[in-house]
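Here's the structure we're looking at; comments come further down.
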Amino acid sequence: MYSSRGFREWEIGDIDVIRRGRKYHLFHLVLPNHDYIAHAVSEDGMTWERTRNAIFTGEPGSWDDDMLWTMHVTRNTALDLYEMFYTGLHQAENGYIQRIGRAVSRDLVSWRKENIQNLPLLPKGDHYEVPGQAARGWVSFRDPYLFTVDGQAWMVVCARTREGMVNRRGCVGLVRRTPAGFETEPPLYFPRMYDDIECPCLVPMDGVFYLIGSIREDVEVHYWYSESLTGEYKAFRNNVLLPKGNYAARITFDGTHVLLYSFFIDGQVVETGTRSLPPPKELRRRVDGKLELVSYYRWQEKIQSTRPLPGDSFHPRLGNPTAAAEAVGESLVFKSRCGFEVFTAPVDSGEWIWEGVWQTRQQGRCGLVFGLDDQVSGYFIFIDTERGSVRALIWGARPERVFQNYIFENLQVGEFTPVDDRRHSFRLVRWRSYIELSVNGVVRLSLVDPRFVGKNLGVFVESGEVALTGLTLHTLASSDGRPPAPMQVVP
């Protein structure tokens, strides 16, 4: 977990991660001032230490003297250096015009700005809004992401077209790199749906091109696909790659692993929510062409101990006389004929991975719980195996309010494919304030919430019956439930 420190808790902005040798390098914006691009390093891609900042806004009068916005760092093997393409704003233009500039480094630590050829770059031609011809007076041309296909380097950017309804002009702009410089091409994708498609990135997988972008309207990460780079990009029925709260996703290549990093926003508004950087997920292409995310391979390295959870570990918390938990063969069955019951087992640490197989035998309201306090307040994950949905919320008591003496706050929802026998594997991760749920090996929920730290986990059921088998608890390297310490600056 990583959360920048300062006067405001939401200082971390858009991010980019690249691996060099054994270290992962994180670059991110610093909000609200946007006056430098910060740099942190990690051995595992999960816990970070701040090091020297990468670049700062330019001297007064320069094209980037107002703010720095989203960047992308990539290796240029031909030049034997790293390139950072970044967004800059100019004070004399009141920050209304966005341009793409460049900085270079040999080691990812020491950077110098080097804008050669036709950089910094503005859009040209008849396709994009340009200075003097932008519907709202400001030009979107930001969030660069450089990639190579068959030896040709391209860049996608967040841009806006000149045509269409003003609030639906958002597109993914395309830039071609040539020996003479950078040339703007027609938009790669213009869906006529969104105000902007932020932080676009593109990854080819098995001959198919996948375009990933973040949408402010729903604060989610979406994706589209095409059989060719500049062909028509289409969407599946559900093209949400990361559910609400996850934003500004970027691809990182880690050996054979394709990682997806994004920051998490605690709130419904991109500009003002508290932000943190959770662990990454791995991107995988299914046989039907859809993309899915699986849990990060390095979780295995953090496991300190593993043990089964026997049936006698779980105890009722609410005293419902119609409810019971009992061992039936290899299964542990939780049931309630009437009303609601919560069964929990104590755990030694607040950081763990809990996995097993869940089968709904009678579909009432049922699911997983963890982090509960003495008032049975904490995290509840509803599992509906008929509809194929999971929903995370906090639920419990609010003693300080007389007339609304409860908490019932939805956090996130996800989908999975239901099956006839209603039997599904699950894997629940709790690490520091990070929560991740996989169903059938695919990540369905991914969020950050620090409010409840009770050392327990279990099952709830209302007028239903569920059977769990193969329950295993992996204890992770602990931080004692404390939030991450302030990042240490590495000289």
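The values are calculated or read from the model by the stated rules, or taken from the named source; none is laboratory data. Since we're looking at a predicted model, the values are computed, not measured. Cβ atoms come from the backbone with ideal geometry, glycine included; neighbour counts cover every protein chain shown.
Tell me, please, whether a residue that is part of a strand (DSSP E or B), in contact with a Gly (Cβ under 8 Å, 6 or more places away or on another chain), closer than 23 Å to Pro200 by Cβ and not assigned by TED's automatic domain parsing to the domain that holds Ser433 can be found in the range 71-85. Step through it out loud before you land on a result.
Looking only at the range 71-85, we keep the residues that are part of a strand (DSSP E or B), and these are 71-76, 81-85.
Narrowing further to those that are in contact with a Gly (Cβ under 8 Å, 6 or more places away or on another chain): 85.
Adding the requirement that they be closer than 23 Å to Pro200 by Cβ leaves 85.
Next, only the ones that are not assigned by TED's automatic domain parsing to the domain that holds Ser433 stay: 85.
The answer is yes; a qualifying residue exists.
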Item to complete: Please specify each residue of the range 105-131 satisfying the condition of being loosely packed, with under 13 Cβ neighbours inside 10 Å, of a type outside the set (Val, Ile, Thr) and under 18 Å from Thr184 (Cα atoms).
Response: Gln117, Lys124, Gly125, Asp126
Discussion item. Kindly evaluate Cys338 against the criterion of being in contact (Cβ under 8 Å) with a residue 60 or more places away in the chain, at negative phi and surrounded by fewer than 16 Cβ atoms within 10 Å (Cβ to Cβ).
Written reply: yes
Worksheet, complete the sentence: Filtering strands (runs of 3 or more DSSP E) wholly in the range 341-399 for at least 1 residues that are in contact (Cβ under 8 Å) with a residue 60 or more places away in the chain and of a type outside the set (Gly, Ala, Ser) gives 352-362, 365-371, 378-384
Worksheet item: For the range 243-250, does any single residue satisfy the condition of being over 14 Å from the mean Cα position of the chain (by Cα), touching a residue at least 12 places away in the same chain (Cβ under 8 Å) and at negative phi?
Response: no
Worksheet item: If you scan the range 199-212, which residues turn out to be farther than 26 Å from Gln117 by Cβ, crowded, with 19+ Cβ neighbours inside 10 Å and touching a Gly at 6+ places or on another chain (Cβ under 9 Å)?
Response: Phe209
Worksheet item: Any residue in the range 338-354 that is at pLDDT 95 or above, touching a helix residue (DSSP H, G or I) at 6+ places or on another chain (Cβ under 6 Å) and either closer than 30 Å to Glu301 by Cα or of a type in the set (Asp, Glu) (or both)?
Response: yes
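Here is a check on your reading of the model: is Arg102 within 17 Å of Thr70 (Cα to Cα) and of a type outside the set (Asp, Glu)? Steps first, answer last, please.
Values: within 17 Å of Thr70 (Cα to Cα): yes; of a type outside the set (Asp, Glu): yes.
When the stated conditions are applied, Arg102 passes them.
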Discussion item. Going residue by residue through the range 87-94, is there one that turns out to be among the small types (Gly, Ala, Ser), over 24 Å from Asp449 (Cα atoms) and either assigned to a strand (DSSP E or B) or in the same structural domain as Glu282 (by TED's automatic domain parsing) (or both)?
Written reply: yes
Worksheet item: Checking Arg8 against (1) farther than 27 Å from Asp254 by Cβ; (2) modelled with pLDDT of 95 or more, which single condition isn't satisfied?
Response: (2)
Discussion item. Pull out all pairs, ordered by first then second residue, where Cβ-Cβ is under 6 Å, the residues are six or more apart or on different chains, the first lies in the range 316-330 and is outside the structural domain of Val466 (by TED's automatic domain parsing) and closer than 17 Å to Val376 by Cα, and the second is surrounded by fewer than 17 Cβ atoms within 10 Å (Cβ to Cβ) and small (Gly, Ala, Ser).
Written reply: none
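Here are some residues: Val429, Val443. Which one is hydrophobic (A, V, I, L, M, F, W, C), outside any loop (DSSP other than H, G, I, E, B) and closer than 17 Å to Phe370 by Cα? Give the derivation first.
Numbers: Val443 fails: closer than 17 Å to Phe370 by Cα.
It is Val429.
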Worksheet item: Taking Val328, is it surrounded by fewer than 13 Cβ atoms within 10 Å (Cβ to Cβ), of a type outside the set (Asp, Glu) and more than 24 Å from Phe452 (Cα to Cα)?
Response: yes
Item to complete: Starting from residues that are within 30 Å of the chain's Cα centre (by Cα) and surrounded by fewer than 19 Cβ atoms within 10 Å (Cβ to Cβ), keep the ones in the range 49-64 and report whichever is farthest from Arg142 (Cα to Cα).
Response: Glu49
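Residues being farther than 23 Å from Leu119 by Cα and either under 26 Å from the mean Cα position of the chain (by Cα) or not assigned by TED's automatic domain parsing to the domain that holds Glu232 (or both): count how many of those fall in the range 150-169. If you could, list the steps in order and put the result at the bottom.
So the first thing to find is which residues in the range 150-169 are farther than 23 Å from Leu119 by Cα, and the list is 150, 163-169.
Applying the additional criterion that residues be either under 26 Å from the mean Cα position of the chain (by Cα) or not assigned by TED's automatic domain parsing to the domain that holds Glu232 (or both) yields 167-169.
Result for the range 150-169: 3.
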Discussion item. Checking Ala235 against (1) modelled with pLDDT under 95; (2) surrounded by fewer than 16 Cβ atoms within 10 Å (Cβ to Cβ), only one condition comes out false. Which one?
Written reply: (1)
Discussion item. Can you tell me which residue is nearest to Asn410 (Cα to Cα) among those in the range 262-285 that are surrounded by fewer than 22 Cβ atoms within 10 Å (Cβ to Cβ) and at pLDDT 95 or above?
Written reply: Glu282
